[in-house]
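One structure is given below, encoded as structure tokens.
The values are calculated or read from the model by the stated rules, or taken from the named source; none is laboratory data. Being a predicted model, the structure only gives us computed values, none of them experimental. Virtual Cβ from ideal backbone geometry, glycine too; neighbours counted across all protein chains shown. Only protein heavy atoms, including side chains, enter the accessible area calculation; ligands, DNA and RNA are left aside. Shrake-Rupley method; radii C 1.70, N 1.55, O 1.52, S 1.80 Å.
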Amino acid sequence: MLSIKQMTKSYDGVKNACDHIDLEIQSGDIFGFVGHNGAGKTTLLKSIAGIIDFNEGDIKVDGISIKESPIEVKKLIAYIPDNPDVYESLTGIQYLEFIADVFKVSQEKRKQLVEKYTTMFEMTEVLHNPISTYSHGMKQKIVVISALIHEPKLMILDEPFVGLDPKASYLLKEVFKEMVDQGSAIFFSTHVLEVVEKLCNKVAIIKQGKIVALGNTSDIISNESLEQIFMEIAKEA
């Protein structure tokens, strides 16, 4: 589903924010991506989404290169940043209709999915209110819903649980499970290591732009917790 080969990104030409990253994510994976602040997580996620360019290597989604065919890749993915930037002058439903138009979602399908997810995330009553009136958590929910209505093959999320209340967080995890059961893949960064342990079948740890641990979550943590593994790696020179 997602293939990253020797991806390297430098902002200043001296230090690599991402340093020759190799990563493979398969359909059905819920893949956790962890690292300290400034380790390169967001840089990699934005590169996959085609938001920023990178210097070396390639990133392919479903065999399609983001460098060679960015529009085709973007049709297959959904990206949710850590800060939900949305058009606040629009109402919730106007924003969802706009996103559905961009991805050419049929009227029948968008109606079905908007109803499903707005009901699930308890957003139905505020859909006709301007997004400028939404709380941070409500903005996060409307962005999540907008990402789901074109049924992406790959969902990329940067700190997806920040701002969500416990119920919404639980529901989002259930959506992840439903998506991967249908053949999609989830790749998300988080500082909530317990979520990775319980939810993700695979995990990667990045440090100073390099992948320093990668594999099945159960193999990585072995008889320790992910927090212990992370702290051990953080101490290493």
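Taking all protein chains as shown and a probe of 1.4 angstrom, Asp12 keeps an accessible surface of around 100 Å².
Take every DSSP beta bridge whose two residues both sit in the chain; close to 55 percent of them are antiparallel.
According to the square roots a ≥ b ≥ c of the eigenvalues of the Cα gyration tensor, what is the shape class of region 45-94, taking rounded for a/c under 1.5, prolate for a/b larger than b/c otherwise, and oblate for the remainder? Note, shape of region 45-94 comes out prolate. What's the angle, to the nearest 10 degrees (0 to 90), between helix 226-235's Cα axis and the longest principal axis of the chain? Roughly 50 degrees, rounded to the nearest 10. For a test of the definition: using alpha carbon positions, the gyration tensor, and the 1.5 limit on a/c, classify region 95-160 as rounded, prolate or oblate. Because a/c hits 1.5 or more and a/b fails to exceed b/c, region 95-160 counts as oblate. Hey, what number do you get for the chain at 222 nm if only DSSP H runs of n ≥ 4 count, each worth -39500 (n - 2.57), divided across all residues, to the nearest 500? Roughly -11500 deg cm²/dmol at 222 nm, from the helical runs in the chain.
For the chain, what mean projected area does the convex hull of the alpha carbons give, in nm²?
Across all orientations, the chain yields a mean hull projection of 13.0 nm².
A dipole drawn for region 111-237 from +1 and -1 charges on Cβ atoms has a positive end, and of Pro160, Tyr134, Leu226 the residue lying farthest that way is Tyr134.
Remark: for residue pairs Lys153/Lys202; Lys15/Lys75; Lys109/Lys198; Lys9/Lys60; Lys41/Lys104; Lys5/Lys139, the C-alpha separation exceeds 26 Å in Lys15/Lys75; Lys109/Lys198; Lys41/Lys104; Lys5/Lys139.
Estimated at the nearest 10 Å², the accessible area of Glu115 is 110 Å² with a 1.4 Å probe.
If one puts a single equal scatterer on every Cα of region 9-129 and applies the Debye formula without solvent, what log₁₀ I(q)/I(0) results at q = 0.10, 0.17 Å⁻¹? So the normalised log intensities work out to -0.43, -1.05.
Does region 135-210 come out rounded, prolate or oblate by the C-alpha gyration tensor, with a ≥ b ≥ c the root eigenvalues, rounded set by a/c under 1.5 and, if not, prolate when a/b is larger than b/c and oblate if not?
It is oblate, given that a/c is not under 1.5 and a/b is not larger than b/c.
Computed over the chain, relative contact order equals 28 percent, with contacts defined as Cα pairs under 8 Å that lie 6+ residues apart. Counting only protein heavy atoms and using a 1.4 Å probe, the accessible area of Glu68 comes to about 150 Å². Across all Cα pairs in region 65-194, the calculated P(r) in 5 Å bins from zero up to the longest distance comes to 2, 10, 21, 24, 23, 13, 6, 2, 0 percent per bin. Note on Asp53/Ser89: beta-carbon distance plugged into 1/(1 + (r/R0)^6) with R0 of 25 Å gives a FRET efficiency of 0.25. Multiplying the residue separation of Gln208 and Leu127 by 0.36 nm and subtracting their alpha-carbon distance yields 25.0 nm. Of the residues Gln26, Tyr87, Met179, the one whose Cα sits farthest toward the positive end of the charge dipole of the chain, with +1 on the Cβ of Lys and Arg and -1 on the Cβ of Asp and Glu, is Tyr87.
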